[in-house]
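The values are calculated or read from the model by the stated rules, or taken from the named source; none is laboratory data. Keep in mind the model is a prediction, meaning the values are calculated, not measured. Note that we place each Cβ from the backbone using ideal geometry, even for glycine, and neighbour counts take in every protein chain shown. Just so you know, the surface numbers come from the protein's heavy atoms only, side chains and all, with ligands and any DNA or RNA stripped out. Shrake-Rupley method; radii C 1.70, N 1.55, O 1.52, S 1.80 Å.
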Amino acid sequence: MGDCGAPGDVNSNVLVARSTGDAQLDKAVWQWLSWDKNQKTKEQIESLLQDGKHQELRERLCCRLSFGTAGLRSAMGAGFCYINDLTVIQSTQGIYKYLERNFSDFKQRGFVVGYDTRGQVTSNCSSKKLAKLTAAVLLAKDVLVYFFSTYVPTPFVVYWENGAQITSPHDKEIIKCIEECVEPWNGSWNENRVDTSPLRQDPLRRICDSYMQDLTKICYHRELNVQSSLKFVHTSFHGVGHDYVQLAFKAFGFQPPIPVPEQKDPDPDFSTVKCPNPEEGESVLELSLRLAEKEGAKVVVATDPDADRLAVAEQQDNGCWKVFTGNELAALFGWWMFSCWKENCSPDADVRNVYMLATTVSSKILRAIALKEGFHFEETLPGFKWIGSRVKNLLDNGKEVLFAFEESIGFMCGTSVLDKDGVSAAVVIAEMATYLQGQGLTLAQKLLDIYETYGYHISKTSYFLCYDPPTIKRIFERLRNFEGPQCYPKCCGAYNILHVRDVTTGYDSSQLNHKSVLPVSRNSQMLTFTFQNGCVATLRTSGTEPKIKYYAEMCALPGLSDRGVLEEELQKLIEALIENFLEPAKNGLTWRSA
């Protein structure tokens, strides 16, 4: 946890009297009460200490934030493993230390600091306050800080010098530096420094203008957009998306989408939804769908609170709404981005220079399109940090990347932003729907056409909860030694397995050398099974939650169009996967609640 040092101005007699009997925990408690200047989070730890809740103190104070699939992530609250004022200061100090060691000019190059509208009253913690503390640490060290004057979508803020999220080995080295810099430096708590420092610049206008200008590079039918009679409803789920989606539609020549008034403005309590996650489907889109019906809008676009993900719903001829999955939207985006490229590329353009990417737990539909159309498809580990880094590498080598996605409704259209981006995805889907309307088609009808052309790809994703890490490890180790030591299963119930890939150990039976092409990821569990019947299923642990997730997809060849048969086959295989590999009753797993 870092050096404890002398008690200083903390009443050491009080702390001794409240000793937990655990030297490591006592040290962590002392550090927290010495360093935390946020009264609410400090009181939370004091209260736990007074109440003798030593196990909860241990869980909060004897571990640290770590990098997952998308940066340092945790819930807000008191403790070294949560997001709060102190851990943000510590993390920023660690990043500063890492950059100081590795980049001689980083103070002049500067940091970009952005924030959204989320927060938590109980810990007196908001995204803007955390951003101001981040800036305070850097400004105190004479670093140039580009600090946005208002909330912005996550894609407006780049993560590393390549414009993508941080990947290994930087993440591991940054964690080491954080652990060396746990005590706040002088000036780190001065959150108001950003309001007066001459080293602070506001990049809002320049970035926003540049972003909207770059959007026009992926606008292919502006003349149709200008004349379009198709109406759209947009919800920003009480987050940052409203203003930016309005501007994006304007950049494409559209009339602005109709906003959901109750959800248009920022609200950290998300007061109109049980869960502010558009991925949850029709239930969380209730206000949007009712407004769309009232206004005669056929398409609803929904950005999540930080506007980096997108959900889409379309009203069908029978009046019902279809909410597309992330994999279904990817099929539409993949078809659209390639079709637009083909229509607009130069005569000497080489399709073999074109790439699309997806995370390995996402649909293989782009692979099927690539095989038929002649471009390249690549997979990455889960998390857009891997996609962004690989895309930058491809661009640096003269390749052209059209589209990338992850199944959890994260889409990257074009390469102006090397991350998932709900704002650009919203306006691209609007242009696609407008174009299809001119062809007498809906999004749902075009999706079926894509499946008829490239083969049906039907997927199901869910998870089990498991709060016991040894049980999780035992489940995966059993699969690695299923039919003897280091012998993976050859079948799952009645279903024969063709190949097994284990990125935790770096094994892949489909490769001649049996080594995985994907990077080894020893800190998480992930096994992928390719079955003889065309199904691909992955079991993996969550980086941030006590979950074992499963992703299963039936990948049919073109011409096999009996969807009902394919869905039934997929469902049977999932049942076999759960029964034979996860054994929920034996292992005490809880299936996700409906």
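Computed quantities for the displayed model
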item	result
Highest average packing first - 412-424, 40-52, Cβ atoms within 10 Å	412-424, 40-52
In degrees, nearest ten, helix 241-251 long axis to first principal axis of the chain (Cα)	40
Positive-end residue of Cys181, Phe147, Asn192, charge dipole of the range 142-228 with Cβ unit charges	Phe147
Alpha-carbon centroid distance for the pair the range 351-410 / the range 232-290, whole angstrom	28
Cα gyration tensor category, rounded, prolate or oblate, for the range 32-116 with a/c compared to 1.5	prolate
Charge dipole magnitude, Cβ of K and R +1, D and E -1 - the chain, Cα centre, debye nearest 20	780
Calculated Cα extents along the principal axes in Å (choose from (1) 97, 83, 50; (2) 77, 62, 48; (3) 82, 60, 40), label	(2)
Protein accessible area in the range 40-177, 1.4 Å probe - carbon and sulfur %	47
Cut-off under 5 Å, modelled amide H: who pairs with Gln201 long-range	Val145, Tyr146, Phe147
Whole-percent carbon and sulfur share, accessible surface of the range 518-591, 1.4 Å	50
Accessible area per residue in Å² at 1.4 Å probe, computed on the range 145-263	47
Dipole magnitude of the range 486-594, debye to nearest 20 (Cβ charges: Lys/Arg +1, Asp/Glu -1, about Cα centre)	420
Distant-in-sequence amide H partners of Lys547 (H built 1.01 Å from N, under 5 Å)	Cys466, Ser542
Under 26 Å from Lys132, Cα to Cα: lysines that are on another chain or at least 8 residues apart	Lys37, Lys40, Lys42, Lys97, Lys107, Lys141, Lys172, Lys176, Lys264, Lys385, Lys420
Partner aspartates and glutamates for Lys399 [C-alpha distance under 14 Å; skip if fewer than 8 residues away on the same chain]	Asp350, Glu378
Rounded if a/c under 1.5, otherwise prolate or oblate - the range 455-546, Cα gyration tensor axes	rounded
Options Tyr220, Ser542, Leu518, ranked by Cα towards positive dipole end of the chain, top entry (Cβ charges)	Leu518
CD proxy at 222 nm, helix term only [per DSSP H run n ≥ 4: -39500 (n - 2.57); per residue of the chain; nearest 500]	-11500 deg cm²/dmol
Cα-based shape type of the range 149-224, given that a ≥ b ≥ c are square roots of the gyration tensor eigenvalues and the cut on a/c is 1.5	oblate
Helix 563-577 vs. the chain, principal-axis angle (Cα, 0 to 90°, nearest 10)	30
Where Rh is the Kirkwood radius over Cα pairs, Rg/Rh for the range 379-493	1.10
Charge dipole magnitude, Cβ of K and R +1, D and E -1 - the range 358-490, Cα centre, debye nearest 20	500
Charge-dipole axis of the chain as Lys and Arg at +1 and Asp and Glu at -1 on Cβ define it, positive-most pick from Ala302, Phe464, Ala292	Phe464
Pairwise centroid distance, computed over Cα atoms, of the range 470-538 with the range 112-176, Å	37
Solvent-accessible heavy-atom area per residue, rounded to whole Å², over the range 467-521 at 1.4 Å	59
Crossing angle, helix 39-50 versus the chain [Cα axis fit, 0-90 degrees, rounded to tens]	70
